[in-house]
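The values are calculated or read from the model by the stated rules, or taken from the named source; none is laboratory data. Values in this document were obtained by computation on a predicted structure and should not be read as measured data. Here Cβ is always computed from backbone atoms with ideal geometry, including for glycine, and neighbour counts include all displayed protein chains. Ligands, DNA and RNA are excluded from the accessible area calculation, which covers all protein heavy atoms including side chains. Shrake-Rupley method; radii C 1.70, N 1.55, O 1.52, S 1.80 Å.
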Amino acid sequence: AEVEATFQSAAEALTRGAPGAAAAALAPLANRARAQGYDEVEASALGMLAQALVMAGDPEQAREPTARALELARGMGDPNAIAHFEALTAQLADDGEAAKRAVSEAQLVARVAEAIDAAGEAMAADAYDAVIAQLDPLVAETHAAGVEDAEASVRATLAQACLLMGQREAAQAHAERALAIARKAGDLEAIDAFVQLLAMTTGWRAPADPEA
């Protein structure tokens, strides 16, 4: 329970952009896990610690915990962990800039997920203005970062809020962009959902089932 709480606390710190707090929690956890022989816990803690160090602008310091995490992953024979830490090692070799971008994008995706959850609660309370105020800035941020999946999710939620407010043109614009992103990615499930959303924004309604 203590280990899970530490990981949760560190993840929350990374999400809110506080890498120092995350590192302060993860370094002792990694040391304790190493002393006790808990390789999986140590590898996970070191991986998150490396992310925190990159976010803090210190990719050089991130290389050592990443190398140790990769060593542990290979020892455990975990192909997913090996691939993850090999990729992080390669990113750090590129003067850390790629690693910084990757962590920054992951942080942005996490913030988007939280904002969309909050938007769902706001819409349930008919607080559509709050949804738009919260999500509008994320459209530009996700677009600028090139995190298109997150941009599509934000725009789809905004389309719903705008539609419920009677702002049909704005809703249509968001739905069209979300659909374009889904088509580019070849995400069939998202394409289907956004086609339906777009149809709602243009006023189309499916005919009633005569057998219903």
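Taking the listed residues A69, A22, the one that is in contact (Cβ under 8 Å) with a residue 12 or more places away in the chain, in contact with a Ser or Thr (Cβ under 9 Å, 6 or more places away or on another chain) and farther than 27 Å from A113 by Cα is A69, with no other qualifying. The single condition among (1) open to solvent by 50 Å² or more (accessible area, probe 1.4 Å); (2) at pLDDT 90 or above that L135 does not satisfy is (1). Residues that are among the small types (G, A, S) and either touching a residue at least 60 places away in the same chain (Cβ under 8 Å) or more than 17 Å from E40 (Cβ to Cβ) (or both) within segment 50-66 comprise A52, A56, G57, A62, listed in sequence order.
Got at least one residue in segment 192-211 being closer than 29 Å to P19 by Cβ and modelled with pLDDT of 90 or more? Looking through segment 192-211, none of the residues is closer than 29 Å to P19 by Cβ and modelled with pLDDT of 90 or more.
Is at least one residue of segment 115-129 open to solvent by 60 Å² or more (accessible area, probe 1.4 Å), in contact with a helix residue (DSSP H, G or I) (Cβ under 7 Å, 6 or more places away or on another chain), under 30 Å from L188 (Cβ atoms) and not polar (S, T, N, Q)? The answer is no, given that none of the residues of segment 115-129 is open to solvent by 60 Å² or more (accessible area, probe 1.4 Å), in contact with a helix residue (DSSP H, G or I) (Cβ under 7 Å, 6 or more places away or on another chain), under 30 Å from L188 (Cβ atoms) and not polar (S, T, N, Q). Within segment 170-185, the set of residues being small (G, A, S) and surrounded by fewer than 19 Cβ atoms within 10 Å (Cβ to Cβ) comprises A170, A173, A180, A185. Here A150 does not fit the description of being under 23 Å from Q107 (Cβ atoms), open to solvent by 60 Å² or more (accessible area, probe 1.4 Å) and either of a type in the set (A, V, I, L, M) or modelled with pLDDT under 90 (or both).
Note on segment 1-109: enclosed helices (runs of 4 or more DSSP H) holding 1 or more residues that are open to solvent by less than 20 Å² (accessible area, probe 1.4 Å) and of a type in the set (S, T, N, Q) are 59-76.
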